[in-house]
Amino acid sequence: MRAVLADLSVPRYLLTAATRRPGLLLSLRDDLPAPALPRAPGWVRLHPELSGICGSDVAVAHAKSSPVLSAFYPARRQIPGHEVVAVTDAGERVVVDPVVSCVHRGFPPCRSCRDGLPYVCERFDQPGAAGCHGPGIGFDAALGGGWGEQLVAHETQLHRVGALSAHRAVLAEPASIALHAALQWRRRGDRAVVIGPGTIGLLVMAALRRLHPDLDITAVGPGSLAAAAGADRTLPAGPRVVETLAELHGGRVVRPRLSRPLLEQGVDVVVDCVGRPSTLDLALHLLRPTGMLVLVGAAGRQRADWSLVWSRQLTVQGTVNSGPEPSLGGRPTMAQAVEWLSDPSYPVDALVTHVFDLADWRAALSTAAAGPRASAVKVTLRPNARREPGAG
Ligand SMILES: [Zn+2]
């Protein structure tokens with residue numbers, strides 16, 4: 001079958017800046033065997049219609065990775081693509097929760113899985129019956145991935161989408177990530193800031209808006225889609241954010257002699273969807289005492305001044321993946337996301353900005369990496385375009 005394959009036999013973090021160039025590890029292959037179904041009940045074969053390019057995929061293409069996380073991404077070969085809308089052999093259209101946890105690997109449940117938190121399973125490094133090294137689909141070529149013509153998944157990972165358009169269905173995974181992040185904040189206050197209006201940031205805003213119709217939401221960063229997604233306003237990232245929020249809400253600007261201004265009477269929650277030193281620093285300067293910083297997406301090694309975390313008793317909440325949500329009565333995040341995506345008033349139609357055939361994967365990756373400079377939000381690949389002569 002045809003797929004984009006990442007050769008990870010050299011650990012990414014060992015590559016030097018000189019050898020680290022976009023696409024170095026990736027190649028389009030026509031000679032790959034279709035992934036085998038694991039020898040355990042419940043595994044099915046999928047044929048992707050549309051697959052998203054995630055920031056973590058762009059990081060693979062640029063050979064970026066974290067030394068510590070390399071323990072949990074041990075696969076030597078990867079077919080990227082964990083944001084997938086696909087058709088089963090039985091002809092059903094589905095989206096896929098990529099997490100492969102104890103139940104799929106044939107292990108007795110670890111503590112996380114037993115507690116109903118499979119998205120932080122303690123056996124991501126142990127392949128088990130699934131034969132999958134890593135946290136799930138799209139991270140080990142053994143199961144295939146969304147950037148190939150076929151992949152395999154367990155039926156418990158699938159959510160049926162019926163006739164939902166592929167442009168909306170392909171957002172089910174990032175919408176689940178975003179909802180899972182938004183649910184980490186138990187509402188204490190009326191003001192939120194979301195930094196980074198890319199796919200995840202926009203979907204965080206849309207989730208916050210659905211969960212809290214009267215919440216005041218400020219988007220920080222480039223782009224023009226935040227208002228449609230549910231933000232009350234968009235501010236450019238930069239030194240003026242603190243002053244602007246103070247003017248809007250009557251907060252007080254405190255000016256340390258040796259640091260950027262900070263907001264007294266600040267906001268209740270900041271969701272950082274970028275994870276750079278500058279955005280972490282801004283987030284900490286915006287939060288009121290006892291506020292919460294929610295981190296979404298890949299973080300990596302950062303230099304940041306964390307002093308405000310203890311001096312203002314802030315909570316820093318990391319989030320990853322999605323799964324059964326205690327605050328939704330145990331309902332899977334993706335089931336809620338699919339329900340929202342099936343509602344035409346859920347404002348995400350503008351998010352898929354680009355669709356490329358698999359053969360054009362290099363252009364797709366460079367478009368995704370350029371982000372706002374290419375007017376790109378969600379860039380997608382169509383892995384089976386060759387087999388769909390009628391597909392538009
Ligand atoms: Zn587990």
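The values are calculated or read from the model by the stated rules, or taken from the named source; none is laboratory data. If you're wondering where the values come from, they're calculated on a predicted model, not measured in any experiment. Heads up, the Cβs are rebuilt from the backbone with ideal geometry, glycines too, and the neighbour counts pull from every protein chain shown. These accessible areas exclude ligands, DNA and RNA; they are computed on the full protein's heavy atoms, side chains included. Shrake-Rupley method; radii C 1.70, N 1.55, O 1.52, S 1.80 Å.
Using the alpha-carbon positions of region 184-319, Rg (one decimal) and Dmax (whole number) come out as 13.5, 40 Å. For region 372-381, 3J(HN,Hα) computed residue by residue from phi via the Karplus equation (6.51, -1.76, 1.60; θ = phi - 60°) reads x, 5, 10, 6, 9, 10, 9, 9, 10, 10 Hz, glycine and proline entered as x. Below 12 angstrom from the Cβ of His133, what's the summed charge of the other residues (Lys, Arg +1; Asp, Glu -1)? Residues near His133 contribute +2 overall. Grab the beta carbon distance between Ala90 and Val316, set R0 = 41 Å, and tell me the FRET efficiency rounded to 0.05. Using R0 = 41 Å, I get an efficiency of 0.40. The alpha-carbon positions of the chain define a convex hull whose volume is 140 Å³ per residue.
Just subtract the alpha-carbon distance of Leu24 and Trp306 from 0.36 nm times their residue separation and send over the number in nm, one decimal. If you can, show how the numbers build up before the last one.
Details: separation 282, 0.36 × 282 = 101.52 nm, distance 3.53 nm.
So the chain would gain 98.0 nm between Leu24 and Trp306.
Normalised Debye scattering of region 185-244 at q = 0.23, 0.24, 0.25, 0.26 Å⁻¹ gives log10 I(q)/I(0) of -0.87, -0.93, -1.00, -1.06, counting only Cα atoms as equal scatterers and leaving out solvent.
Using only the Cα atoms of region 28-96, what semi-axes does the equivalent ellipsoid have when each is the square root of 5 times a gyration tensor eigenvalue? Give whole Å, largest first.
Details: eigenvalues 126, 49, 33 Å².
The three semi-axes for region 28-96 are 25, 16, 13 Å.
For region 94-188, what D do you get in µm² per second when you plug the Kirkwood radius from alpha-carbon pairs into Stokes-Einstein at 10 °C and 1.306 mPa s?
Details: Rh = 14.4 Å.
The Stokes-Einstein estimate is 110 µm²/s.
Both radii are taken from the alpha-carbon atoms of region 251-392; with Rh as the Kirkwood radius, Rg/Rh is 1.08.
Given R₀ = 45 Å, FRET efficiency for Asp360-Ser66 by Cβ-Cβ distance, to 0.05? Walk me through the numbers on the way to the answer.
On the way: r = 29 Å, r/R0 = 0.65.
The pair Asp360/Ser66 has a calculated efficiency of 0.95.
Largest to smallest in accessible area, the residues Tyr346, Tyr73 fall in the order Tyr73, Tyr346 (1.4 Å probe, all protein chains included).
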